[in-house]
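The values are calculated or read from the model by the stated rules, or taken from the named source; none is laboratory data. Please read all numbers here as calculations on a predicted model, not as lab measurements. Using ideal geometry, Cβ is built from the backbone for each residue, glycine included, and neighbour counts are taken over all protein chains shown.
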Amino acid sequence: MTGKMKILIAEDDRDVVLLYKHSIEKRHHEVVTSEDGEECLTIYHEEFQRARFGKRYSVTNRPPFDAVVLDHKMPKINGMEVAKEILAINPHQRVIIASAFVKETLFDPIKNLMLVVEVIQKPFQLTTLVDTIEDKEIYSELQNLNVDITVVKALNPTHEQIKDLLDRLAEFGTCKNS
């Protein structure tokens, strides 16, 4: 994504959250952190209300954070429950769950959310986390389809809009080649 992003991170390991925060801030993004699911939800609710009644949400209809990164296993409320509550409030919020559990283990709980949640399997490189947040892979796929990325980035799309564009172009390419 282009420009400065606002990221909410919930991670109970203080050293890990500081690594995430430092890596993301090095790319000039704003980072808000919490150490458990309950604190994360409090922060999200406050920011959602502020964004809802401020310019950012009403004018651009964007979620209060560009991405919410959740550790799966946290004290008080786990990442899956936090994701469920956040997505109930705002189904357009991008949620990324960072977990040491294998993706297959999380498949059913994520499917039960009936909304899109991304999963990054721990351990991962910090660049992988930042690249995922910034949609590097999606932009690379769009470039492979000969899309002018500078035009797309200039529109400052949400992750959901970028993914939708990629899906439509891939579908169009499949139909065209049939």
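Odds and ends about this structure:
- Selection from the range 1-11 of residues that are surrounded by 17 or more Cβ atoms within 10 Å (Cβ to Cβ) and over 15 Å from the mean Cα position of the chain (by Cα): none
- In the range 11-56, of all residues being touching a residue at least 24 places away in the same chain (Cβ under 8 Å), among the small types (G, A, S) and part of a helix (DSSP H, G or I), the one that is farthest from E81 (Cα to Cα) corresponds to S23.
- Answer from K55, K26 - the residue that is at pLDDT below 90 and loosely packed, with under 13 Cβ neighbours inside 10 Å: K55
- Checked against the criterion of being in the same structural domain as E47 (by TED's automatic domain parsing), farther than 23 Å from E25 by Cα, charged (D, E, K, R) and at pLDDT 85 or above, the range 85-107 has at least one qualifying residue.
- Pairs where the first residue, in the range 135-152, is within 25 Å of I120 (Cβ to Cβ) and the second is at pLDDT 70 or above and charged (D, E, K, R), C-beta under 6 Å, 6+ apart: none
- Any hit, the range 130-150, residues being surrounded by fewer than 18 Cβ atoms within 10 Å (Cβ to Cβ), of a type outside the set (K, R), at pLDDT 80 or above and assigned to a loop (DSSP other than H, G, I, E, B): no
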